[in-house]
Amino acid sequence: QVQLVESGGGLVQPGGSLRLSCAASGSISRIAVMDWYRQTPGKERELVATICSDGRTNYADSVKGRFTISMDNAKNTVYLQMNSLKPEDTAVYYCDANILVRGRWRLYWGQGNQVTVSS
């Protein structure tokens with residue numbers, strides 16, 4: 001019943017910006033952690049950013065200073081603001097969330113968003 005729906009991906013020129021959104025819906029009691037991952041063919045999945053419900057954040061070194069993760073608790077939505085984008089940021093971006101549902105903690109994934117950085 002719980003679903004994570006992503007939006008905001010697309011094509012952008014180097015140096016540009018995009019904001020990804022990931023909205024959770026369903027029988028949600030609490031969200032503890034939300035993450036953004038990215039994956040490109042032939043490479044390992046990379047954890048890009050993490051945010052906890054208390055506001056603490058962590059970033060991969062490759063995006064630190066350029067990307068910002070945030071959470072809107074009222075909307076059960078996590079955002080990834082991506083600035084100063086580089087071609088190497090091109091990937092499919094996935095959100096995940098650790099959610100309390102019907103008394104159990106479960107991990108859910110979004111469907112993925114293609115981000116392409118090219119001139």
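Side notes on the structure shown:
- In order along segment 104-112, phi translates into HN-Hα couplings of 10, 7, 9, 9, 10, 10, x, 7, x Hz, rounded to whole numbers, per the Karplus curve 6.51 cos²θ - 1.76 cosθ + 1.60 with θ = phi - 60° and x for Gly and Pro.
- Projecting the Cα atoms of LEU20, ALA32, MET71 onto the dipole axis of the chain, where Lys and Arg carry +1 and Asp and Glu carry -1 at the beta carbon, places ALA32 farthest toward the positive end.
- Charging the Cβ of each Asp and Glu at -1 and of each Lys and Arg at +1, and nothing else, the dipole of segment 24-119 about its Cα centre rounds to 280 debye.
- Taken about its Cα centre, segment 1-68 carries a charge dipole of about 100 debye when Lys and Arg each add +1 at the Cβ and Asp and Glu each add -1 at the Cβ.
- Labels on offer are [x] 40, 27, 23; [y] 47, 25, 24; [z] 39, 32, 28, and the one holding Cα extents along the principal axes in Å computed from this structure is [y].
Read-outs throughout are calculated quantities, based only on the coordinates presented, and are distinct from any laboratory measurement. The shown structure was predicted, so the numbers you read here are calculated from the model rather than taken from an experiment. Because the Cβ atoms are built from the backbone with ideal geometry, glycine has one as well, and the counts that use them run over all protein chains shown.
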